[in-house]
Structure formats: C-alpha cells, structure tokens
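Undergrad: Quick one: the structure is below, and I'll ask about it shortly.
The values are calculated or read from the model by the stated rules, or taken from the named source; none is laboratory data. Every value quoted in this text rests on a predicted model; they were computed, and no experiment measured them. So basically every Cβ, Gly included, is an ideal-geometry build from the backbone, and we count neighbours across all protein chains shown. Remember, those area values only see protein heavy atoms, side chains included, never the ligands or the DNA or RNA. Shrake-Rupley method; radii C 1.70, N 1.55, O 1.52, S 1.80 Å.
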Amino acid sequence: MPDNEAFRNIIEIESRHNSGVYGKREIVIVRGQGALLYDAQGREYIDCVGGQGSANIGHAHPAIIRAINEQAARLTVCTEMFYNDRRAELVERLATLSGMPRLFLCNSGTEAVEAAIKFARFSTGRSGIVAAMRAFHGRTLGALSATWNKKYRQGFEPLVPGFSHVPYNDPQKLDEAISEQTAAVILEVVQGEGGIYPASAEFLQRAQELCRQRGALLIIDEIQTGLGRTGRLFAYQHHNIQPDLVCLAKSLAGGLPMGATLIGERVGPLPVGAHGSTFGGNPVMCAAALATLEVIEEERLAEKAAALGAFLMERLKQLRSPLVREVRGLGLMVGIELKEKVAPYLAQLAERGVLALPAGMTVIRLLPPLVISQEQLERVVSALEEVLS
Ligand SMILES: Cc1ncc(COP(=O)(O)O)c(C=O)c1O
C-alpha cells in the first residue's frame with residue numbers, strides 16, 4: 001500500500017501529464033470487488049459511480065477474469081477481415097437477445113452512435129437527425145451534434161449540419177420536427193447525463209409510429225440504460241417498441257472498451273467499406289462480452305436491478321430533506337435532484353465511503369453495479385440521509 005507521499009506522487013504525475021479534459025477527485029482507486037472500490041490507502045467505498053455505468057456486473061467478476069485470461073492466451077488480435085469463433089458466438093447471442101439480425105462492433109459509446117448516424121443517413125438517403133433537448137450521445141463530432149448541452153458543444157463549432165433538438169417527452173413537437181428529410185430520430189429511454197429523466201411510453205411509441213409513417217429510422221441509445229441497468233436487458237423493452245438501430249457500450253464487455261450498433265430490418269444493406277474499425281470485434285472483447293451476458297442472465301441482474309431500484313427509490317422518497325427537489329429513476333439508474341449544486345455533497349458522500357456521480361449541476365446520480373446488495377444500498381441511503389439532512 002503506498003504511503004502518503006507515494007499517494008500524492010500518483011496524483012501529481014497524473015495531473016502533470018493529463019490532457020486537462022477531466023475534472024478529477026483526489027482519490028486514487030487501485031482495486032475493486034463486486035460493488036466495492038478500494039483506494040491506495042486501503043479505504044473502502046461503495047461504488048455508485050459504477051464506471052459511469054460500465055460496471056453493471058461489478059468489479060473483478062471471476063467470470064470476466066476467466067474469459068479474458070483464456071482468450072488472451074489463445075488469440076488477442078483478429079480484425080474483421082477474418083472470421084472468429086468468439087465473435088460469431090457473440091453476434092449470434094446479441095441478435096437472439098435483441099431480435100435485431102445484424103450488428104456492427106466498435107469500441108465505445110460515441111462510436112456506436114456515430115455508426116448509427118452513418119447507417120441511418122446511408123440507408124435513407126436523407127441527412128436530418130432529430131434528437132432531444134438535454135440529450136447526451138457522446139463527444140465525437142457526429143455524436144456531439146446530437147448532444148444537447150452547450151457545455152459540451154462550445155468551442156467545437158461548426159458541428160455536423162442537419163441536426164435538430166426537440167423537447168423530451170413532447171410528442172407534438174416531435175411530430176412537427178420529423179419531415180421527409182429526416183433520416184432518424186435518436187433518443188435515450190432514460191436521459192442519463194441530462195439529469196435522469198425517464199421517457200414516457202407515449203413519447204417513445206409515438207416516435208416509433210412517426211418514424212415508420214415518414215420513412216425515418218428510430219435510433220435508441222442504450223449506452224447507459226442497457227444491459228440490465230433499468231430492470232430489463234434493454235430499457236426500450238419496458239415500452240413495447242422495436243427500434244431500428246440500438247447503440248450499446250459501457251457494460252457490454254464487463255467494463256472493457258466495447259460498443260455495438262444493433263441493426264434492424266428497416267435499415268438497408270450496407271456496402272463493404274461504408275464503415276469499419278481496426279479494434280472492432282476484437283476476440284478478447286467478444287469473450288468478455290459473452291461472459292458478461294452470461295453473468296447478467298445467470299445472476300438475474302435485470303430482475304435484481306428492478307427490485308433493488310424499487311427499494312432504493314422508495315427509501316429515497318422517504319428522505320426528509322429540505323434540499324431535495326425530486327427523486328427520479330428506473331431500476332438502478334437513479335437521480336436525486338437538489339435545490340442547489342451537488343459538488344459539495346458528492347465530496348461529503350465520499351468522506352462517508354460512498355462514491356456517486358453528478359448529472360448536470362444539481363442532480364446526484366447513482367449507477368451502482370447491479371450486484372450491489374440491499375445492505376450496501378442501505379448504507380448508501382444512510383450516508384445520503386446524513387449529508388442531505
Ligand atoms: C447515453 C449515452 N450515449 C453515449 C455516451 C458516450 O459513450 P462513451 O463515453 O463510451 O463514448 C454516453 C456516455 O456517458 C451516454 O451516457
């Protein structure tokens with residue numbers, strides 16, 4: 001375990017060589033187990049950051065360790081120029097689980113969104129993309145053009161032309177925005193970075209209906225909501241819709257870098273060379289993703305997220321705090337909106353051994369690993385009670 005000086009040294013070295021784009025907390029994380037993280041001084045934390053949604057199956061899950069080790073010893077590099085056993089298994093599994101016959105594999109969320117935008121434009125021959133206000137879809141230029149908040153966009157204009165934004169959960173405004181130039185509508189089922197706002201079933205069903213009527217495609221961004229987080233494997237399954245393109249990443253390969261764009265029947269054929277990625281479909285990532293899907297199924301993590309999420313929401317709604325404006329969420333994707341900025345409260349939670357995220361300036365966001373126990377969630381609620389009372 002590093003002494004105090006070594007600990008300071010780690011922070012200084014990273015700070016000196018960082019690009020500067022990340023706001024960091026003064027905590028050096030060196031180990032994780034399940035829903036717990038440990039810092040360089042051996043302090044234990046309950047992890048409600050959950051790798052910003054990429055740790056659904058928890059830290060150091062034995063199934064992931066085994067899958068990575070076995071595959072690393074056999075084959076670590078195999079581009080999509082060749083076929084591969086692990087990749088074949090994974091694409092078949094994802095197609096069965098989603099009912100979407102084709103998919104494109106990549107390495108992150110923003111890349112999964114870029115691919116969906118490109119496929120939608122290519123398939124429809126149209127350029128318009130309608131997104132929602134408060135949406136977050138990533139930071140590369142295409143995905144950034146679908147992202148709403150100025151804070152992410154400023155300084156990078158001109159962004160990609162053809163994007164527009166409508167109020168979330170407003171079917172009428174969506175109706176007015178979709179024209180014969182619209183290639184796709186892109187939506188999150190629960191807006192994550194935007195502040196944990198769940199979509200209404202009516203809004204999503206109307207989006208699907210309008211897209212089908214007008215020859216546009218419906219892209220659902222499940223990067224934060226997918227893989228059991230909200231109580232279903234994919235959050236859109238709560239609302240009885242079938243999207244044309246689905247973006248996955250974060251927890252897909254148990255927290256290793258992997259993204260996927262699932263492609264439905266309404267998307268036309270894509271020619272060779274239309275898109276690609278050197279690392280996409282990497283066999284180690286495919287093995288990790290297969291193990292992750294197995295863990296989610298065997299440990300019934302979506303059902304667990306539904307039950308524990310209901311328990312957590314119930315307990316949070318009982319918090320008697322003058323600071324709390326609203327509690328929102330679906331499954332284990334939970335936001336506590338405060339009447340003031342959350343940064344000092346996040347620091348106080350960390351002092352009490354709970355790591356949590358912001359969503360915007362005024363929302364405390366909880367994205368714990370789905371393997372978290374009810375007792376650990378009780379400790380999170382107690383810490384929140386102390387900090388917010
Ligand atoms: C809904 C959503 N879409 C896209 C992204 C971008 O993913 P990545 O950071 O892997 O590029 C995120 C990341 O937070 C997200 O929450």
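Undergrad: Any idea which of (1) part of a helix (DSSP H, G or I); (2) more than 16 Å from the ligand (Cβ to nearest atom); (3) open to solvent by less than 30 Å² (accessible area, probe 1.4 Å); (4) not basic (K, R) is the one A112 doesn't satisfy?
TA: Only one criterion in (1) part of a helix (DSSP H, G or I); (2) more than 16 Å from the ligand (Cβ to nearest atom); (3) open to solvent by less than 30 Å² (accessible area, probe 1.4 Å); (4) not basic (K, R) is unmet by A112, namely (2).
Undergrad: Do we find a residue being in contact (Cβ under 8 Å) with a residue 60 or more places away in the chain, surrounded by fewer than 18 Cβ atoms within 10 Å (Cβ to Cβ) and not in a loop (DSSP other than H, G, I, E, B) anywhere in region 297-305?
TA: Let us first name the residues in region 297-305 that are in contact (Cβ under 8 Å) with a residue 60 or more places away in the chain, namely 299, 301-305.
Those still in the list that are surrounded by fewer than 18 Cβ atoms within 10 Å (Cβ to Cβ) too: 299, 303.
Next, from what is left, pick out any that are not in a loop (DSSP other than H, G, I, E, B): 303.
Yes; the residues of region 297-305 include at least one that is in contact (Cβ under 8 Å) with a residue 60 or more places away in the chain, surrounded by fewer than 18 Cβ atoms within 10 Å (Cβ to Cβ) and not in a loop (DSSP other than H, G, I, E, B).
Undergrad: Same structure again: Output the number of the condition that R134 fails; it satisfies all remaining conditions of (1) out of contact with any Asp or Glu (no Cβ under 7 Å at 6 or more places or on another chain); (2) more than 12 Å from the ligand (Cβ to nearest atom).
TA: Tallying (1) out of contact with any Asp or Glu (no Cβ under 7 Å at 6 or more places or on another chain); (2) more than 12 Å from the ligand (Cβ to nearest atom), R134 fails exactly one: (2).
Undergrad: Moving on to the next point. Show the residue pairs that are 6+ apart or on different chains and have beta-carbon atoms under 7 Å apart, the first residue being within region 246-260 and more than 13 Å from G280 (Cα to Cα), the second being among the polar types (S, T, N, Q) and part of a strand (DSSP E or B).
TA: These pairs meet every condition: C247/T261.
Undergrad: Considering every residue within region 233-240, establish whether at least one is out of contact with any Pro (no Cβ under 7 Å at 6 or more places or on another chain) and farther than 26 Å from L204 by Cα. Talk me through it step by step, then tell me what you get.
TA: Of all residues in region 233-240, those out of contact with any Pro (no Cβ under 7 Å at 6 or more places or on another chain) come to 233-235, 237-240.
Among the residues that remain, those that are also farther than 26 Å from L204 by Cα are: none.
Within region 233-240 (the criterion being out of contact with any Pro (no Cβ under 7 Å at 6 or more places or on another chain) and farther than 26 Å from L204 by Cα), the answer is no, since none of the residues qualifies.
Undergrad: Which residues, taken from region 51-78, are without any contact (Cβ under 8 Å) to a residue 40 or more places away in the chain and in contact with a strand residue (DSSP E or B) (Cβ under 8 Å, 6 or more places away or on another chain)?
TA: Scanning region 51-78 gives a single hit, A60.
Undergrad: Now, a different point. Given the condition hydroxyl-bearing (S, T, Y), free of Cβ contacts under 8 Å to residues at least 40 places away in the same chain and in contact with a Lys or Arg (Cβ under 7 Å, 6 or more places away or on another chain), answer yes or no: does some residue in region 165-172 qualify?
TA: Here is the first cut: in region 165-172, the residues hydroxyl-bearing (S, T, Y) are 168.
In the following step, the residues that additionally are free of Cβ contacts under 8 Å to residues at least 40 places away in the same chain were identified as 168.
Filter once more, so that each one left must be in contact with a Lys or Arg (Cβ under 7 Å, 6 or more places away or on another chain): 168.
Yes, some residue in region 165-172 is hydroxyl-bearing (S, T, Y), free of Cβ contacts under 8 Å to residues at least 40 places away in the same chain and in contact with a Lys or Arg (Cβ under 7 Å, 6 or more places away or on another chain).
Undergrad: Report the residue count in region 257-284 for those that are part of a helix (DSSP H, G or I) and touching a Leu at 6+ places or on another chain (Cβ under 6 Å). Walk me through how you get there before you give the answer.
TA: Keep residues of region 257-284 that are part of a helix (DSSP H, G or I), which gives 283-284.
After this cut, where a residue has to be touching a Leu at 6+ places or on another chain (Cβ under 6 Å) as well, the list is 283.
Qualifying residue count for the region: 1.
Undergrad: Now for a separate question. Can you tell me which residue is nearest to T278 (Cα to Cα) among those in region 39-79 that are within 16 Å of the ligand (Cβ to nearest atom), touching a helix residue (DSSP H, G or I) at 6+ places or on another chain (Cβ under 8 Å) and assigned to a loop (DSSP other than H, G, I, E, B)? Walk me through it before giving the result.
TA: Let us first name the residues in region 39-79 that are within 16 Å of the ligand (Cβ to nearest atom), namely 48-56.
Narrowing the set further to residues that are touching a helix residue (DSSP H, G or I) at 6+ places or on another chain (Cβ under 8 Å) leaves 48, 51-56.
Within this subset, residues satisfying the condition of being assigned to a loop (DSSP other than H, G, I, E, B) are 48, 54-56.
Values: C48: 33, S54: 22, A55: 25, N56: 26 Å.
Ranking the qualifying residues of region 39-79, first place goes to S54.
Undergrad: So the check is Cβ under 7 Å with 6+ separation or different chains; which pairs have a first residue in region 130-146 that's open to solvent by 40 Å² or more (accessible area, probe 1.4 Å) and a second one that's within 11 Å of the ligand (Cβ to nearest atom) and in a loop (DSSP other than H, G, I, E, B)?
TA: Note: pairs meeting the criteria are R134/G194.
Undergrad: Only one of E44, E14 is acidic (D, E) and either without any contact (Cβ under 8 Å) to a residue 24 or more places away in the chain or open to solvent by 100 Å² or more (accessible area, probe 1.4 Å) (or both). Can you tell me which? Before the answer, list the steps.
TA: Values: E44 fails: either without any contact (Cβ under 8 Å) to a residue 24 or more places away in the chain or open to solvent by 100 Å² or more (accessible area, probe 1.4 Å) (or both).
Residue meeting the stated conditions: E14.
Undergrad: Can you tell me which residue in region 178-225 is nearest to the chain's Cα centre (by Cα), limited to those that are within 16 Å of the ligand (Cβ to nearest atom) and among the polar types (S, T, N, Q)?
TA: Among those residues, the one meeting the criterion is Q224.
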